[in-house]
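The values are calculated or read from the model by the stated rules, or taken from the named source; none is laboratory data. Note that this is a predicted model, so its numbers are computed, not measured. Methodologically, a virtual Cβ is constructed for each residue, glycine included, from the backbone with ideal geometry; neighbour enumeration extends over all protein chains shown. With ligands, DNA and RNA removed, areas are computed over all heavy atoms of the protein, side chains included. Shrake-Rupley method; radii C 1.70, N 1.55, O 1.52, S 1.80 Å.
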2 protein chains.
Amino acid sequence: MEKPLILVTNDDGITAPGLRALIRFMSEIGEVVVVAPDSPQSGMGHAITVDNTLYSSKADIDQTDGALVEYSCSGTPADCVKLALQEILDRKPDICISGINHGSNASINVIYSGTMSAAIEAGIEGVPAIGFSLCDYSWYADFESAKEAIISIVNEALKNKIPKGVVLNVNIPKIDQSLPKGIKICRQARANWKEKFDKRTNPRGKEYYWLTGEFELLDKGEDTDEWALANDYISIVPTQFDLTAHHAIQELNGWDL
Amino acid sequence: MEKPLILVTNDDGITAPGLRALIRFMSEIGEVVVVAPDSPQSGMGHAITVDNTLYSSKADIDQTDGALVEYSCSGTPADCVKLALQEILDRKPDICISGINHGSNASINVIYSGTMSAAIEAGIEGVPAIGFSLCDYSWYADFESAKEAIISIVNEALKNKIPKGVVLNVNIPKIDQSLPKGIKICRQARANWKEKFDKRTNPRGKEYYWLTGEFELLDKGEDTDEWALANDYISIVPTQFDLTAHHAIQELNGWDL
């Protein structure tokens, strides 16, 4: 049987340890082509480069990780996927895997996530896709501990096919000295960020801000990704890019428009 | 009765004619505070500025448009809304209105849209929100022709309350010498962009790309935003930020994980 062609990307940039680990894991399953940003793109959401030029070139980061070929790209994660599908790959990949993100993309974070926007872009273009995130913001997090689960999820996705119009948002808890208890299929928890802007003055006397914030969970459900992660389970949220709130259509039809 | 407090923002930048028109329209309904990007932010999706500084200062573009006060911000549309709600406004606005975008944000464009990400950010933070777009990419489009419909939609939203967890994506067709036929509550049409990368060589001999593409409608439904617009109706899609594909949860529970 032909080995699956796996497009690997991320939002932390092509040298990020989470991406390097993902390349190693995916090389055990299929032929890996990497197209990843040349610099960190965290918080880029589903940004694309429309009013600026894009550069892309072959990269040679670490051949021992096992990729067939790697490209770095000056654009966003969504740009990387567009460029890969349209310009770089000569056939449609069997799956696109994005990550492993350094930090959680559970609950409302999916909206801001470059990792997930890459997966969603692949989904929009009809390529099955999964974003993986490890709930550990450290650059040198222990990605190896997630290997078994990641390989198992990708193999199941290749075997069973991901439902059409859906991409998977997988978050892996940070657990010291043990393994996750298992995997839960979840819904996205209701949550938001309570922003705090840290106001400072630059050396030339001009005021500026740093965006900081505290995560606020607004959901007590036990079927959410946040519940799963807090209880040492890996969460998988089937995520869609049809944003229609179908349940609200009837109510809006009652407005006097 | 106290006049409603209306936060106005956009993604084309604080000097864009679509924003200036929106400020004028909203000044007829309530007290308007503007917090908008200092430069164009099209295609920014739901990007936020996490690894960089944010600048914001009072702006004085055109007082005759009727805003109480205006701020420009160096960040993305989502940053503008965060900064407005947390730092600039001393009470929660009654509604956040984003736009008027120069060009369509119907169907899959909602995913890439800075205009809609500003509205969605407000929605996440519990503020009712609407994004308006005119399907005319011209900088000097005829925004006045949309005035009546926009004021009517905002008034209805203030009166009836937008359902919780939902923001409205309103697109207005470009019609020469007549008015839209009416308003349709729609679902987001299935569509994507068929990318074409225009490959060029820069003056120093290095290859680069421009992202271009053709819009590809994949949906023949007559209940979609694209159908409404093609038939000279204004489309309103109730849009949600819970991206869970609830219908897929059962199927994924059948996987061998």
>> Loop by DSSP (not H, G, I, E, B), at most 12 other beta-carbon atoms within 10 Å: where is the longest site-free stretch of chain B for trypsin sites (Lys or Arg not before Pro)?
In response: B:1-90
> Roughly how big is the protein assembly as shown's charge dipole about its Cα centre, with Cβ charges of +1 (Lys, Arg) and -1 (Asp, Glu), in debye to the nearest 20?
Replying inline: 40 debye
> Residues with amide H under 5 Å of A:VAL69's amide H, sequence separation 5 or more or different chain, H placed in the peptide plane at 1.01 Å from N; which?
Replying inline: A:VAL34
> Using 1/(1 + (r/R0)^6) with R0 = 30 angstrom and r between the beta carbons of B:ASP90 and B:SER152, what's the FRET efficiency to the nearest 0.05?
Replying inline: 0.55
>> For a quick check of understanding: with a 1.4 angstrom probe and all protein chains in place, what accessible area in square angstrom does B:TYR233 have, to the nearest ten?
In response: 50 Å²
> Where nothing but the Cβ of Lys and Arg (+1) and of Asp and Glu (-1) is charged, how large is the charge dipole of the stretch A:112-257 around its Cα centre, in debye to the nearest 20?
Replying inline: 280 debye
>> Please report the antiparallel percentage of the DSSP beta bridges confined to the stretch B:137-257, to the nearest 5.
In response: 80 percent
>> Just to make sure I understand: if all protein chains stay in place, what is the order of A:TYR137, A:TYR208 by accessible area at 1.4 Å, largest first?
In response: A:TYR137, A:TYR208
> Taking the DSSP beta bridges in the stretch A:1-75 as the whole, what percent of them are antiparallel, to the nearest 5?
Replying inline: 25 percent
> Can you give the mean number of other chain Cβ atoms that lie within 10 Å of the Cβ atoms in peptide B:155-165?
Replying inline: 3
>> Report the B-A buried area as the accessible area lost on both sides summed, probe 1.4 Å, in Å² to the nearest 100.
In response: 7000 Å²
> Summing +1 for each Lys or Arg and -1 for each Asp or Glu, what net charge is found among the other residues whose Cβ lies under 15 Å from the Cβ of A:LYS161?
Replying inline: -1
>> Quick check for you: with a 1.4 Å probe and neighbouring chains kept, what is the accessible area per residue of the stretch A:101-257, in Å²?
In response: 46 Å²
> What distance in nm separates the simple spin-label points at B:SER39 and A:THR53, each placed 7 Å from Cα in the Cβ direction?
Replying inline: 1.6 nm
>> Which one, B:HIS102, B:LEU257, B:MET26, is farthest towards the positive end of the dipole of chain B when Lys and Arg carry +1 and Asp and Glu -1 on their Cβ?
In response: B:LEU257
> For the stretch A:203-255, with the dipole built from +1 on Lys and Arg beta-carbon atoms and -1 on Asp and Glu ones, taken about the Cα centre, which of A:GLY221, A:TYR208, A:ILE234 lies farthest toward the positive end?
Replying inline: A:TYR208
> Taking all protein chains as present, what is the carbon and sulfur share of the accessible area of the protein assembly as shown, in % to the nearest whole number, probe 1.4 Å?
Replying inline: 46 percent
> Given 20 Å bins starting at zero, what is the percent of C-alpha pairs of the protein assembly as shown in each, up to the one with the largest pair distance?
Replying inline: 24, 56, 20, 0
>> How charged is the neighbourhood of B:ARG187? Take every other residue with its Cβ under 15 Å from the Cβ of B:ARG187, and add Lys/Arg as +1 and Asp/Glu as -1.
In response: -4
> Taking only C-alpha pairs under 8 Å that are 6+ residues apart, what is the relative contact order of the stretch A:1-118 in percent?
Replying inline: 38 percent
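Nearest 5 percent is fine: what portion of the DSSP beta bridges confined to the protein assembly as shown is antiparallel?
45 percent
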> DSSP loop GluC sites (Glu not before Pro) in the stretch A:20-116 with at most 14 other Cβ atoms within 10 Å of their Cβ, which ones?
Replying inline: A:GLU28
>> Pairs of alpha-carbon atoms within less than 8 angstrom and 6+ residues apart define the contacts here; what relative contact order does chain B have, in percent?
In response: 17 percent
> Of the cross-linked pairs B:LYS82/B:LYS199; A:LYS147/A:LYS220; B:LYS92/B:LYS147; A:LYS92/B:LYS220; A:LYS194/B:LYS147, which ones have a Cα-Cα span greater than 28 Å in the structure shown?
Replying inline: B:LYS82/B:LYS199; A:LYS147/A:LYS220; A:LYS194/B:LYS147
>> Just to make sure I understand: if all protein chains stay in place, what is the order of A:CYS73, A:CYS135 by accessible area at 1.4 Å, largest first?
In response: A:CYS135, A:CYS73
> Protein chains only, probe 1.4 Å: how do B:LEU257, B:LEU158, A:LEU22 rank by accessible area, largest first?
Replying inline: B:LEU257, B:LEU158, A:LEU22
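In a shell of Cβ-Cβ distance under 11 Å around B:CYS135, excluding B:CYS135 itself, what net charge do Lys and Arg (+1) and Asp and Glu (-1) give?
Taking every other residue near B:CYS135 into account, the sum is -3.
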> From largest to smallest, what semi-axes in whole angstrom does the stretch B:138-227 give when each is the square root of 5 times an eigenvalue of its alpha carbon gyration tensor?
Replying inline: 35, 18, 15
> Straight-line reach from A:LYS3: which aspartates and glutamates have a Cα under 20 Å away, not including same-chain ones fewer than 8 places off?
Replying inline: A:GLU28, A:GLU31, A:ASP65, A:GLU70, A:ASP90, A:ASP94, A:GLU148, A:GLU156
